[in-house]
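To start, the structure itself, in structure tokens.
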Amino acid sequence: MTLSLAVDAGAPGTPLTHLWSACAGAGRAPGGLPADWQEQLRLVRDAAGFRFVRVPGLPHAGMFVRGRDVEGGVVLDFPNLDDFFDRMLHAGVRPFLELDFPQGDFADEACPVVRSDAHTAPLPDLEEWSELIRELAEHCIDRYGLDEVRSWYFEVGSEPSRGPFLQGSHSECLHLYGVAVRALKKADQGLRVGGRTTGDRVSGVREFLAFCHGAGLPVDFVSCHSYATDRATDTHEQHAPATTRDLRMLRRAVIESPYPDAEIHLTGSDPGPSPRNLLQAATLAVKTGLESIGLVHSLAPGVSADTVGEPRAGSTAFHGDFGLVTHQGVPKPAFHAYRMLHLLGDELLAQAEGLVVTRRSATGALAALGYHCPPEAARIRPGARNADDRTERVPATGEPRRLRVELVRLRPRSAVTIETLDGAHGNAFAAWHAMGAPETPTREQTTLLRAAGHATRRVIRSVGPDGRFLFDEDIEPWSVVLLHQGREE
């Protein structure tokens, strides 16, 4: 089957919002202070254009926001959070804050879950926690200004319906949202609030929206997690189209609710399958992004460092956890997926299975993005994080496919750059295996890996004298091809 589109550069288009550039996921706030994380944030922000970064687990004990004096009174201190927010804003991104469960001496018993720092104890008296949230919001308003903080997002809850996170009842989890929202709206009615993040995708969303309506609570946005792998303690296994399927269900649930205009944000996503270092994660990210047009306001891939601010999943350079770059700053193939999506225009001209053509309204420049996700992908089962045998087996799945893109009425003899991401280009994971998969690469090896991670294949061709450009070639399974007018972006 051929992936094919013929597009007139002067044809009318429809507005295209870059949902894939709206928000990225990050680790908990303490992990965002080191210099290497800041460098990686700038790297992915510059490449993929992310406007927000979701930070889970606030208020967080690791930022030393809340303590007690010698007499047992509560003392609030915000310098570490100020430093973190300052750095984010200086890097050109805004916070998408997730307010996690009460922690520390807020909980009836200290039962922290290793990967979340949440507590499995029942909810305690939340009066002090409510005051902390209100004072945090008021402090941010005082420091950054009301208009700035009103542009942020405040999300309540992290996968409340599943272990090993908070194991309270549904009513307790819903009550937690009400407490947090009232505290935020007490600070300012214009703050954007929402939830409830669920780790089992859309189940519970209807119940959540009905509860909020009955309690008179605002819902400015609905958030959800969707994983195409067995990550996040899932006991089930999904297949490649899982995220898009989940988003259709979520969209329908919101439209049919008392909050039909609420934004929808996928604040935890993983197109998978594991491990995330492999090429197919990039291809599936492109597939999910393009198929999610009109369904969601943002997707949130992990920014960097593999760890999301949590214990590392392994000791090797590529250990298969979250992040578009490794903790050494080496771009993974998925880094290019979001970079290429970002290079699309803001007008949609045509879309077919595996292919999209866009235009930039400001310049008229066209960009086309195609990918080859083999039909066999729907049968690929998630694997263990360090299943390195999949490095060869999974990308080899499927046969080459023809990609044909014909563009007419372009500026004659102008340049078109053809960029390809495949197993041999822009795949640092393959380069790492080629050098013997060193557990801890040397400085020289890390330099080579970074170069390999950036080295997609680029070819420049010219539009014909008649204004026609044709790309008609076979592309390998799991490859992604970007065509855009101009020599560089």
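Values quoted throughout were computed directly from the atomic coordinates according to the rules given, and no laboratory measurement underlies them. The structure presented is a predicted model; accordingly, all values stated were derived computationally and were not measured. A quick note on method: Cβ atoms are made from the backbone with ideal geometry, for glycine too, and the neighbour counts reach across all protein chains shown.
What the phi angles of the range 429-444 give under the Karplus curve with 6.51, -1.76 and 1.60, with θ = phi - 60°, is a coupling list of 5, 5, 5, 5, 5, 5, 8, x, 6, x, 4, 10, x, 5, 4, 5 Hz, glycine and proline written as x. The listed peptides 433-440, 68-75, ordered by packing as a protection proxy, come out as 433-440, 68-75 (highest mean of other Cβ atoms within 10 Å first). Backbone amide hydrogens, once placed in the peptide plane, bring THR267 within less than 5 Å of CYS224, excluding anything fewer than 5 places away on its chain. For GLU98, the residues whose amide H sits under 5 Å from its own are VAL55, GLY57, LEU58, GLU155, ignoring neighbours fewer than 5 places away on the same chain, with H placed 1.01 Å from N. Taking amide H as placed 1.01 Å from N in the peptide plane, LYS332 has its amide H under 5 Å from the amide H of VAL325, THR326, each at least 5 places away in sequence or on another chain.
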